[in-house]
Amino acid sequence: MKQIGIVAQRDSPDNRLFDTLGEILDLSFEERTFGDDRNVEAWIVLAADREFVSQMGRTNRPCYVVFQNQQLVPCGRSSKITFSTRPAAAAILAGREIETNEAIGLNALPRWLPNVAPVATKQESPVWAVQEAGRLRHHFVAMQVPALNDGEPLFTHFVGAQFLSLLPLWLFLQAVTEDQRWERPPLQATFMFDDPNLHWPTYGFVNFPETLQHANACNYHVSFATIPLDAWFVHPPTASLFKHNVQRLSLLFHGNDHLSDELARPYSVKRTRKVLQQALGRIAAMEYRTGLEVARVMAPPHGACSRNTLSQMAQVGFEAACVSRGSLHHHNKGDKWPLTIGMRPSDIIAGLPLFPRFALSDKCHNSILLAALLHQPIIPRAHHQDVAEGYQLLNDMATFVNSLGNVTWSDLKSISRSLYARMQDDTTLSVKMLTKRITIPIPPHISQIRIQCPSADHTVTDRFLWRNAGREPYWNSHPSQECLAVQPGTRLEVACVPGDQVSVDTNHVGMPGLIPLVRRLLTETRDRTLPPIHRITRRLRAR
Ligand SMILES: [Zn+2]
């Protein structure tokens, strides 16, 4: 484990913050005298002043230097930060302007700093700069290191409205400690709409053929989280539209009956399993009738999901769940969640991989950038009302996402199965799984593959299984630490399956309850009558 030295000039450093950062980035932090470089990879200096900067020649390690407030100089009340095109900031930030209220009160770096090049500026004054000293690169920042309250997860300082204090520190530590030989998963994205069913070519303001047209024109993918209770009927031409355009439109699970908090209720294991069995059975029957495929990924209604339900989902065969970091925390306040949650490409909680999503809006640029910086799938979540005025919002946000570089838009199953880091060493391919089931295309010249199972929360014992995708129906068991012989050009499927996985009977799902049925019919009627009402009121207003 790499070690970072901390120099706290005045107050002691916030241990909660550094312990959490250390857990995520596999680092340890130690307060020590500046210049004692033994076993230290880099330095973090808090509350620095001019005198300290004059002594920085005492180290041969890169430094992250935070200035005392008194050293900083006012630079106006703008909420905009501009990144230079220098590679010191992450490539996806280069040349961008971001807007955040956090910037308003931010002061600039002292003007006496020698030989620095700005990385980020506010009204043309540097708030983050680098100094090249031989092979060393020191970072100077005006942003104070954030403090974590008791039990507060780190992600609360890395969300769209608040991230500026953590951003340079996060990027500095990542650059210092990262093993650059590992190739990260590609940038992946999908828009996600909650609630639509395929009873008709439209659902509320969503028009599926029109969605497809825009997705084709602006290069994006839309996943619809559909309610298993609604799967009793699918409009045949709409099913056909989905089946012929899997690269643009797809489906995933949205609860079972869409009752309030249905996946967060304190049900027994038996009852939770029954709810999930019914959801799987309803969708399996619909898939059998229509030939459609629904990703075994759950978007819990209203973001409400308990740890017990996550654990049961893993056991009955769901591959992942997709829920915002805030919702998960909000609905599980009594539960002890790791403070690291939401800062990795995916989290594995109670045996199930979780992908964070965030609300789609015309101001979600920061959330998109943060997801990309964390190598998370980019999943802006919407409701049908978000396209009441047309598809411009989706098209604009897709253009922004596509400006990040080479982004793959796809369905949740494909996203989940391609979340792994890889490293090629001669004829061996090493793979670090970030979810629990992946598919690996074997590149030319590779004869063996070494797999690292995903780091779990240690509450679940997994079995490691593999098979050749599309060739073998049965899984083979294998000790994960040993190499597997492979053939270039084939695709290897790998799964870490819970030791206590249960098979559920999806043929007998029972009748729907009267209350969920009536409730859902009323909601669907409301959603479907909104567009005509909207059209009439617009016409009346226009007169
Ligand atoms: Zn919903």
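Assorted remarks:
- Flag for residue 164 being of a type outside the set (S, T, N, Q) and closer than 24 Å to residue 60 by Cβ: no
- Candidates 33, 85, filtered to the one that is over 29 Å from residue 344 (Cβ atoms) and among the β-branched types (Val, Ile, Thr): 33
- Residues being part of a helix (DSSP H, G or I) and either surrounded by fewer than 22 Cβ atoms within 10 Å (Cβ to Cβ) or within 16 Å of the ligand (Cβ to nearest atom) (or both) - total across region 246-272: 3
- Hits in region 479-527 - residues which are of a type in the set (D, E, K, R) and either touching a Phe, Trp or Tyr at 6+ places or on another chain (Cβ under 7 Å) or in a loop (DSSP other than H, G, I, E, B) (or both): 482, 493, 500, 505, 527
- Positions within region 380-406 being in contact (Cβ under 8 Å) with a residue 24 or more places away in the chain and either assigned to a loop (DSSP other than H, G, I, E, B) or surrounded by fewer than 18 Cβ atoms within 10 Å (Cβ to Cβ) (or both), in sequence order: 383, 385, 388, 391, 395, 396, 399, 400, 402, 404, 405, 406
- A single entry from 94, 108, 88 fulfils the requirement of being buried (at least 16 other Cβ atoms within 10 Å of the Cβ), within 25 Å of the chain's Cα centre (by Cα) and free of Cβ contacts under 8 Å to residues at least 60 places away in the same chain: 88.
- Test: residue in region 6-15 that is surrounded by fewer than 20 Cβ atoms within 10 Å (Cβ to Cβ) and free of Cβ contacts under 8 Å to residues at least 24 places away in the same chain: yes
- On inspection, residue 392 qualifies as under 22 Å from residue 210 (Cβ atoms) and over 17 Å from the mean Cα position of the chain (by Cα).
- Boolean, residue 460 is modelled with pLDDT under 85, touching a Pro at 6+ places or on another chain (Cβ under 8 Å), among the aliphatic types (A, V, I, L, M) and part of a loop (DSSP other than H, G, I, E, B): yes
- Taking the criterion of being of a type in the set (A, V, I, L, M, F, W, C), within 16 Å of the ligand (Cβ to nearest atom) and closer than 23 Å to residue 289 by Cα, the only residue of region 197-217 that qualifies is 198.
- Residue 209 being surrounded by fewer than 22 Cβ atoms within 10 Å (Cβ to Cβ), in contact with a helix residue (DSSP H, G or I) (Cβ under 7 Å, 6 or more places away or on another chain), farther than 21 Å from residue 515 by Cβ and modelled with pLDDT of 95 or more: yes
- Within region 299-318, the set of residues being of a type in the set (A, V, I, L, M) and either within 16 Å of the ligand (Cβ to nearest atom) or surrounded by fewer than 19 Cβ atoms within 10 Å (Cβ to Cβ) (or both) comprises 299, 304.
- Residue within region 277-294 that is within 16 Å of the ligand (Cβ to nearest atom), within 21 Å of the chain's Cα centre (by Cα), on the phi < 0 side of the Ramachandran plot and modelled with pLDDT of 95 or more present: yes
- Matching residues, region 228-245, being aliphatic (A, V, I, L, M), out of contact with any Ser or Thr (no Cβ under 9 Å at 6 or more places or on another chain) and either assigned to a loop (DSSP other than H, G, I, E, B) or surrounded by fewer than 22 Cβ atoms within 10 Å (Cβ to Cβ) (or both): 241
- Candidates are the residues of region 416-433 that are part of a loop (DSSP other than H, G, I, E, B) and modelled with pLDDT under 95; the one that is surrounded by the fewest Cβ atoms within 10 Å (Cβ to Cβ) is 426.
- Check on residue 178, surrounded by fewer than 20 Cβ atoms within 10 Å (Cβ to Cβ) and within 30 Å of residue 425 (Cα to Cα): yes
The values are calculated or read from the model by the stated rules, or taken from the named source; none is laboratory data. Treat the numbers as computed from the prediction; the structure is a model and nothing was measured. Reconstructed Cβ throughout: ideal geometry from the backbone, glycine too, with neighbour counts over all protein chains shown.
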